[in-house]
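Colleague: To start, I am sharing the structure in question, which I have written as structure tokens.
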Amino acid sequence: MNNLLVKFSGNILVVDDILDNLRILSASLMERGYQVRCAKNGAMALIAAKKEPPHLILLDIKMPDMDGYAVCQKLKADDSTCNIPIIFLSALDDVFDKVKAFAVGGVDYITKPFQIEEVIVRVQHQLALQAAKAEISHLNIELEQKVKQRTAQLEKVINQRDREIAEHKQTQQKLVYQALHDALTGLPNRILFMEHLQKSLHRITRNKNYLCAVLFVDLDRFKIINDNWGHAVGDRLLIAISQILQACSREVDTVARLSGDEFAILLEDLQDLQDAIAIAERLLDKLTAPIHLDECKVYIGASIGIVFGSATYQTSDELLRDADIAMYRAKALGKGRYAIFDREMYDRTLHLSQIEIDLRYALERQEFLLHYQPIISLTTGRLTGFEALVRWQHPQTGLTYPGDFIAIAEETGLIVPLGEWILQEACQQ
């Protein structure tokens, strides 16, 4: 530490009204490498310190006109000189004088007559403190710059991360939206519709007064229009249909495209079940009217199945199934109308489904048989041929006539293998 103190140099201002003191102090300090300026009174000291602030001031207390205390106070009151360390030199050795010296801003106090070695050591100590403060200040500035730089880098990383998170959320939201919405019409798809439908069923269990209904809408002539006008026109038609369905529904309702030309509407918070019928009738009016698609005008029509929500339904699949059954009933009655689901429809659907299953087994097991009806010429009265009539010998229900199964065979495509069997059996017989 002493070596560091000796090597340190600085600019020192010595203030004393006694010339011998000025000469001794300035000579001793300059021998040790310090730059020294002298002032004989307080006024000169203030001018010199203001013009070129020194690193340290050796200040005598007892001087004419202005004593050292007053000089120190003025220096401390000036922003340009307030940080200069001041060592007082005084023949006054009273405690009160020393306390006052420190009170006005002095950093040290040397009693006259002074020993030059003591002055040098104290000067070195104060200048070393100043150097240390300067170094600390410099390091603090560097540290602040590094902190600012690091903070800027960190903010950049955080901003980049925030952007990536935002982009990830947008991508995630987009993927979720795509997973739950129809790409063509933008309507909710089957998955989202079934979620809303299940929530609606939960409301029924919590509130007995809650009324809801499902409309299953199937377009009557879409395949014809799609085949004749092309898929581009078909897509525009589906978009127009989705807009009509939304316009005829309420804000609380959910309009969804299930697949192809099948749509469904969940009607929630109905005041009366007749409201669902009124909406269905309004839809039929809109869908029966011509729809303009730029260069063409098309007539589409629709069949609508209606089912009312109730506590008897456990799942959304059951509710949508019955709406689908009602829609097929509307088609069977001649299309362009609505049908309200009842239990008889479900039982009939189960019956027809069972007949279809039994028909497939009947073809495999050859449960059919032929009855022949003669064809007599009215002119000659002679036999001219036979008409082969198919019958089904059902293992449980017994002999079944064509009116009970031919329509189902035609609808399911089983009429083709059945016809081949009839032809082959008749030829063999």
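None of the figures in this text is laboratory data; all of them are computed from the coordinates on show. It should be emphasised that the depicted structure is a prediction, and the values quoted were computed from it without experimental measurement. Quick reminder, even Gly has a Cβ in these numbers, built from the backbone with ideal geometry, and neighbours come from all protein chains shown.
Colleague: Just add up the charged neighbours of Asp235: K/R +1, D/E -1, any other residue whose Cβ is under 13 Å from the Cβ of Asp235. The partial results should precede the final answer.
Modeller: On the way: positive: Arg236, Arg257; negative: Asp182, Asp261, Asp294.
Neighbour charge sum, excluding Asp235 itself: -1.
Colleague: Using a simple charge model, +1 on the beta-carbon of Lys and Arg, -1 on the beta-carbon of Asp and Glu, nothing else, what dipole does segment 5-54 show about its Cα centre, in debye to the nearest 20?
Modeller: That gives segment 5-54 a dipole magnitude of about 180 debye.
Colleague: Calculated FRET efficiency, Lys112 and Glu155, Cβ-Cβ r, R0 60 Å, to nearest 0.05?
Modeller: 0.50
Colleague: Starting from the Cα of Thr288, step 7 Å toward the Cβ, then list every residue of segment 258-278 with an amide N under 16 Å from that point.
Modeller: From segment 258-278, the list is 277-278.
Colleague: Right, another one. With θ set to phi - 60° and the Karplus curve 6.51 cos²θ - 1.76 cosθ + 1.60, what are the ³J(HN,Hα) couplings of segment 413-429 in order, to the nearest whole Hz, using x for Gly and Pro?
Modeller: x, 6, 5, 5, x, 5, x, 5, 5, 4, 4, 5, 5, 5, 5, 4, 6
Colleague: Sort 250-258, 11-19 by packing, meaning the average of other beta carbons within 10 Å per residue, with the highest value first.
Modeller: Values: 250-258: 18.1, 11-19: 19.9.
The packing order, highest mean first, is 11-19, 250-258.
Colleague: Subtract the Cα-Cα distance of Asn207 and Gln246 from 0.36 nm times their separation in residues, and report this length gain in nm to one decimal.
Modeller: In short, 11.4 nm is gained.
Colleague: Further, regarding this structure: So what's the net charge close to Gln153: Lys and Arg +1, Asp and Glu -1, counting the other residues with Cβ under 14 Å from its Cβ?
Modeller: +4
Colleague: Moving on to the next point. If the cut-off is a Cα-Cα distance under 19 Å, which aspartates and glutamates reach Lys146, setting aside same-chain residues fewer than 8 apart in sequence?
Modeller: Glu135, Glu155
Colleague: With just the Cα atoms of segment 190-341, tell me how far they stretch along each of the three principal axes, in Å, largest first.
Modeller: Cα spread of segment 190-341 along its principal axes, largest to smallest: 51, 29, 24 Å.
Colleague: Going down the table (Lys76/Lys148; Lys50/Lys112; Lys208/Lys286; Lys98/Lys133; Lys174/Lys199; Lys174/Lys286), which pairs top 29 Å between alpha carbons?
Modeller: Flagged as over cut-off: Lys76/Lys148; Lys208/Lys286; Lys174/Lys286.
Colleague: Here's another thing I want to ask about it. Project the alpha carbons of segment 65-152 onto their principal axes and report the range along each, largest first, in whole Å.
Modeller: Here the spans come out as 57, 30, 20 Å, largest first.
Colleague: Okay, next question. On a full-extension model of 0.36 nm per residue, what is the gain between His371 and Glu144, subtracting their alpha-carbon distance, rounded to one decimal in nm? Please report the intermediate quantities before stating the final value.
Modeller: Working: separation 227, 0.36 × 227 = 81.72 nm, distance 10.63 nm.
Computed gain between His371 and Glu144 is 71.1 nm.
Colleague: If you count the DSSP beta bridges with both ends in the chain, what percent of them are antiparallel, to the nearest 5?
Modeller: Working: 34 of 54 bridges.
Antiparallel: roughly 65 percent of the beta bridges in the chain.
Colleague: Something else about it: Farthest toward the dipole's positive end in segment 350-397, which of Leu383, Gln354, Leu369, given Cβ charges of +1 (Lys, Arg) and -1 (Asp, Glu) about the Cα centre?
Modeller: The residue sitting farthest along the positive end of the dipole is Leu383.
Colleague: Compute for the chain: radius of gyration divided by Kirkwood radius, i.e. Rg/Rh, restricted to C-alpha atoms, rounded to two decimals. Display every interim value, and only then the final one.
Modeller: Details: Rg = 53.3 Å, Rh = 32.3 Å.
Here the Rg-to-Rh quotient is 1.65.
Colleague: Turning to a different aspect of this structure: Show which lysines lie in cross-link reach of Lys169 when reach means a straight Cα distance below 24 angstrom and same-chain residues fewer than eight apart are skipped.
Modeller: Candidates past the 8-residue exclusion: Lys156.
Colleague: Can you give the FRET efficiency to the nearest 0.05 for Tyr361 and Arg163, using r as the Cβ-Cβ distance and R₀ = 56 Å?
Modeller: Efficiency, from the Cβ-Cβ distance: 0.30.
Colleague: Residue by residue through segment 245-253, what is 3J(HN,Hα) from phi via Karplus (6.51 cos²θ - 1.76 cosθ + 1.60, θ = phi - 60°)? Round to whole Hz and write x for glycine and proline.
Modeller: 4, 5, 5, 7, 9, 9, 5, 7, 7
Colleague: While we're on this one: Residues with beta-carbon under 15 Å from that of Gly413, excluding Gly413: net charge, scoring Lys, Arg +1 and Asp, Glu -1?
Modeller: Numbers: positive: Arg360; negative: Glu356, Glu410, Glu411, Glu420.
Summing Lys and Arg as +1 and Asp and Glu as -1 gives -3.
Colleague: Starting from the amide H of Lys112, placed 1.01 Å from N in the peptide plane, find each other amide H under 5 Å away whose residue is 5 or more places distant or on another chain.
Modeller: When sequence neighbours closer than 5 places are left aside, the close amide H contacts are Ser90, Ala91, Leu92.
Colleague: While we're here: Based solely on its DSSP helices, what 222 nm [θ] is calculated for the chain when runs of n ≥ 4 H residues each add -39,500 (n - 2.57) and the sum is averaged over all residues, nearest 500 deg cm²/dmol? Can you show the working numbers first?
Modeller: Details: 14 runs with 232 residues, N = 429.
Mean residue ellipticity at 222 nm (helix-derived): -18000 deg cm²/dmol.
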